[in-house]
Every structure is written in structure tokens, then in C-alpha cells.
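The values are calculated or read from the model by the stated rules, or taken from the named source; none is laboratory data. All of these numbers come straight from a predicted model, not from anything done at the bench. Cβ: placed from backbone, ideal geometry, glycine included. Neighbour counts: every protein chain shown. Protein only, heavy atoms only, side chains kept; ligands, DNA and RNA dropped before computing areas. Shrake-Rupley method; radii C 1.70, N 1.55, O 1.52, S 1.80 Å.
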Amino acid sequence: MTEKPDPMTVPFGTVFCDWMATAHSENGVYQYGGAVEAYGDFSLSPAAHALHYASAVFEGLKAHWQDDGSLAIFRLDDHVARMRQSAEQLRLPVPDTTTLRQMIVDSVEANVGEVPPAPGSLYIRPTIIGTEPNIGAAATPSSEALLFIVNCPVGDYFKGGVRPLTLLIEEEIPRTTPQFGMVKSGANYAMALAPTLDAMAQNSAVDQILFATGGDITETGAANFFLADNERVLTRQLDSSFLHGVTRSSVLALAADLGYEVDERPIALSELKEWAGRGEAFLSGTAAVLSPVGTILGGDSDIVFGDGQPGPNTLRLRESLVAIQNGRSDDLHGWRTTVNS
Ligand code: PLP
Ligand code: COI
């Protein structure tokens, strides 16, 4: 077998582990045999529902080596719960919590030998696709589905490690429809692609598009958006228009633990200039971790936060998050699931 490339130097999500877990649904119940199988291609009907009507949902979570030599999945139960909610929204068969949880743990245990050391991690991608072979089923759900879990050894999502990102504001086109933003479905990413590519074509230095329809900030294409200063941490309040990030909720909890005042409310683009003069901005996400934002382009004029470099509050919150993910601090919130002890 040819040797796999170093996951720390190739693009995020392009190296795949040797083992995966799969389960087909039968009468709405996923049949998991209890054993992983070799990573490989599927056979799928050309009429499969997902291929025509986008009945597909996914999750993204990570397992990290701990300082004590064990491996722990970060916030497994929260990702399982969100995937069940996404499946329900697309009227796909909803996996029961125990089966989905077990399949994720089994895939990680099978691939333990491929998990890179920190700052690398194992990215876990559970996915459900509608498999009913029926191209007439545009307005009916897929009666059958395939649930699969694949894993990737990963390094940084944003090339260049922890560095100030550049965002570009998109005020006209929303990332997705307002009621669907909270669903982790491939269709949302497909919808965001054209506006993202069009905006990025204006400036090759742009890392992410900041969606802010009519001046109301929601999120970027792959992460949630935060503002912070020495006293406060601010992010949008939960509504159906954007993905309810598990990292977002972790950052809010850790910020409160560190003594910050935590504020969840609408954020207007018009507020950014004032924040940039005295505060910081960052993104949160499983892939993005906690990434500083240096510059936001678009709008009336470009906005540079501070001196354009990562701010102290951003770095403090990032360290607090990474320490809990890597087992360097106590798991006060019960977020770690140890898989190999
Ligand atoms: N928003 C979008 C559009 C995303 O793709 C992600 C990544 O999963 C997030 C936010 C952050 O979510 P989480 O922290 O659960 O990974
Ligand atoms: C994640 O952070 O898990 C995501 O789904 C982002 C993805 C675009 C890589």
C-alpha cells in the first residue's frame, strides 16, 4: 500500500483513515453489525434520493490525544444530538442515539493508529444520505438511508496555522434560507458556493465570507462569528438562520468560566468599526477551532481589528478551549469521551 501523505501538510480532509462504520436503514432503523469495515467506495443507485433531492446531512467532530496518553472525543453527545436533529429536518430516518454514538466510537477506536499528535487531531465525519431509488420522490422523503462514519487525520483548517484571518462581508445574498441555517446539510454549503466564489474572486486574500444579509451578521461559510474585549464576549443569539456550533457553545461556557460577561444578541455590521477600535473578532468551529480575525473587508470601508494581529482575549479563549480538548485542563463540563482506556 502506498504511504499516506502527512496530514499536517496537505489540505484539511484529503487523507482518509483505513476504517469506516456503515449502517443501512431498514424500516427506519439503522442496522449496524457492530464491526467497522475497510474504507472504500459505495455502490449507489443512480436514482438515489440524495443525488437528486439533496437528502444528505452530516456532522463534524474531533478526537484529540490527551496529555495522559488516552484519546478523547470532544462533545460527542452534542454532535450526536445535532445530527439527529438535522436528519429529522430532512425527514431522513433518525439514528437512535446509542447506535450513532457506538458507530462513531468504533470508527475512532479502529483508526487510533492514524491520529496525529497535537496540534493535529482526528476529524470525524458522520454522514446520512437518502438512498431510495426514486426520481419521482421530489416532494416525499427518502424511505431508505445509509449512515456512514469516515475519519481523517487533520492539521489546521486554515492554511498557515493560527494567524489573523481576512473576512469579506456579503450583504446581499444569504448563506441559506432563514429556516434552514441551523441544519447541517450539504445543501447549505452548495447554496453558499457561488456567492462565496464570486466574492472571493474579488480578493484572493479572503479566508471566509461573513454573511450579513441587510447588515445583520449570521456566520461565515464554515464557522460562527464572535466579538470580544477585556470584559465581554458577544455572538449572535440562537435562531434558525445559522448553525448552532458546538464550539460556539463551548466558547460561551469557557468565557463565562473565565469571568467574561457573555452576550448573545443580534450583531449589526454598523457595530464592527467601534469594536475594531477597542476589541477583537474571532471565528469558532470544529475545523476552525478558535481563529482570530484581523481584517473585515467590504461595507463602507475595510475594518482592521487593533493592529491586525491576534488579540489577547482571543488567544486566552483559544488556549482555554484547546487545553480542554487536549486534556491539559479539568473537564468541568463533561465534554470529553475517552475511547481507548
Ligand atoms: N457554521 C458553519 C456553517 C459550519 O460549517 C460550522 C462547522 O461545523 C460551524 C458554524 C461551527 O460549528 P461547530 O462548532 O459545531 O463545528
Ligand atoms: C466543521 O467544522 O466540522 C465543518 O463542518 C466545517 C467544514 C466546512 C469543514
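I need the phi-derived Karplus couplings for segment 146-161: 6.51 cos²θ - 1.76 cosθ + 1.60, θ = phi - 60°, integer Hz, Gly and Pro marked x.
My calculation for segment 146-161 gives 10, 10, 9, 10, 10, 10, 10, x, 9, x, 6, 6, 8, 3, x, x Hz in order.
Whole-Hz ³J(HN,Hα) for each residue in segment 189-196, computed from phi via Karplus 6.51 cos²θ - 1.76 cosθ + 1.60 with θ = phi - 60°, x for glycine and proline: what do you get?
Computed from phi, the couplings for segment 189-196 are 6, 5, 5, 7, 5, 4, x, 5 Hz.
Report ILE173's accessible area, 1.4 Å probe, all protein chains in place, as a number in Å² to the nearest 10.
Here the accessible area works out near 80 Å².
Starting with the highest mean, order 75-81, 272-278, 34-40 by the number of other Cβ atoms within 10 Å, averaged over the residues of each peptide.
75-81, 272-278, 34-40
LEU167: net charge of surrounding residues, Cβ under 12 Å, Lys/Arg +1, Asp/Glu -1, itself excluded? Let's see the in-between values first.
Values: positive: none; negative: GLU170, ASP207, GLU219, ASP302.
Local net charge: -4.
I'm checking a number: the convex hull volume of the Cα atoms of segment 132-227, normalised per residue, in Å³. What is it?
Per-residue hull volume (Cα only) is 161 Å³.
Given a 1.4 Å probe and every protein chain left where it sits, what share in percent of the accessible area of the chain is carbon and sulfur?
52 percent
Let me confirm the definition first: pairs of Lys residues in the chain, 8 or more apart or on different chains, C-alpha distance under 28 Å. How many are there?
6
With +1 on each Lys and Arg Cβ and -1 on each Asp and Glu Cβ, how big is the dipole of the chain about its Cα centre, in debye rounded to the nearest 20?
Rounded to the nearest 20 debye, it is 140 debye.
Take the alpha carbon atoms of segment 209-341, find their radius of gyration, then divide it by 2.2 N^0.38 Å using N residues; give the quotient.
Ratio of Rg to 2.2 N^0.38 Å for segment 209-341: 1.06.
Take the Cβ-Cβ distance between LEU332 and GLU3 as r, set R0 to 51 Å, and report the resulting FRET efficiency rounded to the nearest 0.05.
0.80
Full extension from ILE173 to GLU37: what is 0.36 nm times the residue separation minus their Cα-Cα distance, to one decimal in nm?
Full extension of this stretch gives 44.8 nm more.
Could you sort GLU132, GLU261 by accessible area so the largest value comes first, with the probe set to 1.4 Å? Don't skip to the answer; put the middle values down first.
On the way: GLU132 30, GLU261 110 Å².
From most exposed to least exposed: GLU261, GLU132.
May I ask you to evaluate 6.51 cos²θ - 1.76 cosθ + 1.60, the Karplus curve with θ = phi - 60°, for each residue of segment 215-231 and list the ³J(HN,Hα) values in order in whole Hz, giving x for glycine and proline?
Ordered by residue, 3J(HN,Hα) equals x, 9, 6, 9, 6, 9, x, 9, 6, 8, 10, 10, 10, 8, 9, 5, 10 Hz.
How large is the Kirkwood hydrodynamic radius of segment 19-154, in angstrom, based on all distinct alpha carbon pairs?
15.3 Å
What number, in nm² with one decimal, is the all-direction average of the projected area of the convex hull of the alpha-carbon atoms of the chain?
17.5 nm²
With no solvent and one point on each alpha carbon, what is the Debye value of log10 I(q)/I(0) for segment 147-297 at q = 0.09, 0.11, 0.20, 0.21 Å⁻¹?
The computed values of log10 I(q)/I(0) come out as -0.27, -0.41, -1.43, -1.57.
Which whole-number value in Å² is the accessible area per residue of the chain, probe 1.4 Å?
Working: 14790 Å² over 341 residues.
I get 43 Å² per residue for this part.
At 1.4 Å probe size, what's the solvent-accessible area of MET103? Round to the nearest 10 Å².
0 Å²
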